[in-house]
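The values are calculated or read from the model by the stated rules, or taken from the named source; none is laboratory data. Since the model is a prediction, treat every value here as computed from it, not as a measurement. Here Cβ is always computed from backbone atoms with ideal geometry, including for glycine, and neighbour counts include all displayed protein chains. Areas reflect the complete protein model, heavy atoms only, side chains present, ligands, DNA and RNA absent. Shrake-Rupley method; radii C 1.70, N 1.55, O 1.52, S 1.80 Å.
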Amino acid sequence: MKKLILIPLLITVFVLHGCDDNLLDVEPKTEIGRENFFNSAADLQMYLNSMINWKNVMDMNHEQSDDATTTGSSEIRNMMVFDQTSRDFTSGWDWSELRNINYFLENFEKADIPQEALNHYEGVARFHRAKFYMNKIQRFGDVPWYDKVLGTDDEDLYKGRDSREYVIDKVFEDLEFAVEHVRSNSTVGAVNKDVVRTFMARYALFEGTFRKYHDYLGLNASATRFLQIARNQAKYIIDSGKYSIYKTGSADAYGSLFNSTNLQGNPEVILLNRSISGNRNSGWWAAGFGQYEQSHTKAIVQTYLMRDGSFYSSQPNYKENSFVEEFKDRDPRLSQSFAYPGWVINNTGTYAQGEAGSEYIQELNRNFTGYHTIKWFVNSSDATVQESVDVPVLRYAEILLIYAEASAELGEISQGILDITVNELRDRVNMPPLTMGVGRDQMLAERYPTVNDNVLLEIRRERRIELFNEDFRYLDVVRYGAGELFETVPKGPYFDGLGNHDLTGDGVPDIKLIGVDETIPSPDNREVNELGKKLTYYRAGPYGSDASVFLENGTSGAILAREDNGTFISPKHYYRPIPYDEVQLNTNLTQIFGWE
């Protein structure tokens, strides 16, 4: 527990910049001891503001799931491919944030302010503690619970893990206090009652389904309690009438949520991370396009329904559909999340190549899938727009999906519930509604073999699609107990052979695949299509060859970003080991689930 020992007894205080509604732009100002701080509401607010760190929700950890892959390091893949031990892990066991929270809770009552205000600030701090501990539990499972500041000679520095049940109960005690006492209204970006309720619903859904689908824990009987909490907190927000799904009458309303420069007042946004041009929310969106380490997979592309609501997997020979065919007559959210045939690129640069104002031609590279992601991508050449994107940290869409899933898991789902949840999301993009009599998609059934309820399968599909690239998929697979999905080989578009291929949907070839042993001709000698444009050439071959594009069958098949994702070991790989050095410092800490 060396992190706890080394933290000084001084606190770092942060000051705000700009107007009151921009709480997220904070920087260190000075250090103050407890004797001359914690005296006013302003002191308490300043301290709590320093705890705010709403990360950009575009999932740069998507490569940890079956939705994406990466040419960089992936923790889950490294575990599955290599025989790792605790010596291979160094991150995650940091407790400085918790110490700062507990330090506040031990000192805030010095402030001479009304009890209601004290309760509010305590609630905000306890919310942050609950959030801290959920992150630890989701990574390590059992962890030691601390609700006080530890000194260098405190014997609790060397305590072992507390049980998951004990720590989770403490987490929800904190959340219950916060829901009761945190104020309903706040400035933009701050914690308010609805923010607490949303996180409480999210965490309860995680814990309820985790306990239900991880039998080895022996906690199945208590799953219902948490699913009920998730249902009730989500329903409370729904019944409040304060939020609604953002609709404009156009199906592209969905995509506009993720590249807007002004989401203030948007009825779907529960928590907003406002942009500050050139400072906050600037440039982060570009790296996820699909040319810098990360690229998304055929597994997620195949998940979207057909435009008429039928299963994509019901299409004849769907696995052999070309890139153009994959995007034809699909759920509109697919083309608002991925660069589709005919998509026009306006913002070209490091991660998105092409001529501004022209139809984008998929750029293919070794170890990338070839799919490019436009959800969060700011397709504007205006630098001011590029640096001024608002981020919806919490969306009402998540609340609707939590309510639907919790209701289904509890055996309470009905057409009425589907209509106010899933079908609200589908209505936004003019998709047919989900009904209780939905058939069984064999593709989904194979992914989730323990689920017999067709409606629950479709709710899981809806969640994966609606919340795509928002940092949910990895933990969803974990809580479903479906870790084998991480073994899915990351694939890209299908090519039926070498030769010319259309990627823009106009019937005119854009690229030419040649054999791995052939030489790409010089630019002057390349084939020109009927539009007068030279084709882009790629050498195609089997995985591991000298080709620039790997195809399943060498000269045909889907693009392979990797040939093997390793083997998932359950339950071991649902957790991370405590870093080896920490266990040497505190020998009461033990490894669990086969970690050494």
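Students sometimes get this wrong: rank Leu105, Leu401 by accessible area, probe 1.4 Å, all chains present, largest first.
These residues rank, largest area first, as Leu105, Leu401.
Specify whether the C-alpha gyration tensor of the stretch 176-317 places it in the rounded, prolate or oblate class, a ≥ b ≥ c being the square roots of the eigenvalues: rounded for a/c under 1.5, otherwise prolate if a/b is larger than b/c and oblate if not.
Oblate.
Quick one: putting +1 on the C-beta of Lys and Arg, -1 on the C-beta of Asp and Glu, what dipole do you get for the chain around its Cα centre, in Debye to the nearest 20?
Computed about the Cα centre, the dipole is about 500 debye.
Step through the residues of the stretch 510-517 one at a time and calculate ³J(HN,Hα) from phi using the Karplus curve (6.51 cos²θ - 1.76 cosθ + 1.60, θ = phi - 60°), rounding each to whole Hz and writing x for Gly and Pro.
Using θ = phi - 60°, the values come out as 10, 10, 9, 9, 10, x, 4, 8 Hz.
Restricting to the chain, compute how many DSSP beta bridges are antiparallel as a %, nearest 5.
Expressed as a percentage, antiparallel bridges in the chain total about 75.
For a quick check: with amide H placed at 1.01 Å from N, whose amide H comes under 5 Å from Leu551's, ignoring anything fewer than 5 positions away on the same chain?
Gly541, Tyr543, Leu560
Give me the dipole magnitude in Debye, nearest 20, for the stretch 303-444 about the Cα centre, with unit charges on the beta carbon: positive for Lys and Arg, negative for Asp and Glu.
For the stretch 303-444, the charge dipole is close to 240 debye.
Tell me what the chain gives for mean residue ellipticity at 222 nm when only DSSP H runs of n ≥ 4 count, each as -39,500 (n - 2.57), the sum divided by the residue total, rounded to 500 deg cm²/dmol.
-9500 deg cm²/dmol
Over the Cα atoms of the stretch 123-259, Rg to Rh with Kirkwood Rh, two decimal places?
Here Rg/Rh amounts to 1.05.
Could you check the spin-label model distance between Ser163 and Tyr580? Points 7 Å from the Cα along Cα→Cβ, value in nm.
3.2
Over 10 Å intervals from 0, what percent of Cα-Cα pairs in the stretch 111-185 sits in each interval?
19, 40, 30, 11, 0
Mind ordering 206-212, 218-224 by average Cβ neighbours within 10 Å, highest first?
206-212, 218-224
Tell me which of Gln336, Asn36, Phe377 sits at the most positive position along the dipole axis of the chain, charges placed on C-beta atoms (Lys, Arg +1; Asp, Glu -1).
Asn36
Across the stretch 412-455, how large is the tail of the calculated P(r) beyond 14 Å, expressed as a percent of all Cα pairs?
The proportion of pairs with Cα distances above 14 Å equals 54 percent.
For the stretch 516-596, what is the largest minus smallest coordinate of the Cα atoms on each principal axis, given in angstrom and ordered from greatest to least?
Cα extents, longest axis first: 71, 25, 24 Å.
Along its principal axes, what span do the Cα atoms of the stretch 386-472 show, with the longest given first and each in whole Å?
Principal extents (Cα only, largest first): 46, 28, 25 Å.
I'd like to check one number: the per residue accessible area of the chain, probe 1.4 Å, reported in Å² as a whole number.
39
Taking all pairs of different Cα atoms in the chain, averaging 1/r and flipping that mean, what Kirkwood radius in angstroms comes out?
After inverting the mean inverse Cα-Cα distance, the result is 25.8 Å.
Be a star and scan the stretch 95-116 for residues whose amide nitrogen sits under 12 Å from the point 7 Å along the Cα-to-Cβ vector of Asp156.
Correct set: 99, 102-103, 106.
Place +1 on the Cβ of every Lys and Arg and -1 on the Cβ of every Asp and Glu in the stretch 471-596, take the dipole about the Cα centre, and give the residue among Pro577, Leu531, Phe550 whose Cα lies farthest towards its positive end.
In the stretch 471-596, that residue is Pro577.
Please report, in debye to the nearest 20, how large the charge dipole of the stretch 404-466 is about its Cα centre when each Lys and Arg carries +1 at its beta carbon and each Asp and Glu carries -1 there.
Approximately 220 debye in magnitude.
Report the Rg/Rh value for the stretch 347-406, based on alpha-carbon coordinates and the Kirkwood definition of Rh.
Answer for the stretch 347-406: 1.12.
From the phi angles alone, apply the Karplus equation (6.51, -1.76, 1.60; θ = phi - 60°) to the stretch 291-304 and give each ³J(HN,Hα) in whole Hz, x where the residue is Gly or Pro.
10, 10, 6, 8, 8, 8, 10, 4, 4, 6, 4, 6, 6, 5
Against the longest alpha carbon principal axis of the chain, how many degrees, from 0 to 90 and to the nearest 10, is the axis of helix 96-105 turned?
Value to nearest ten degrees: 40.
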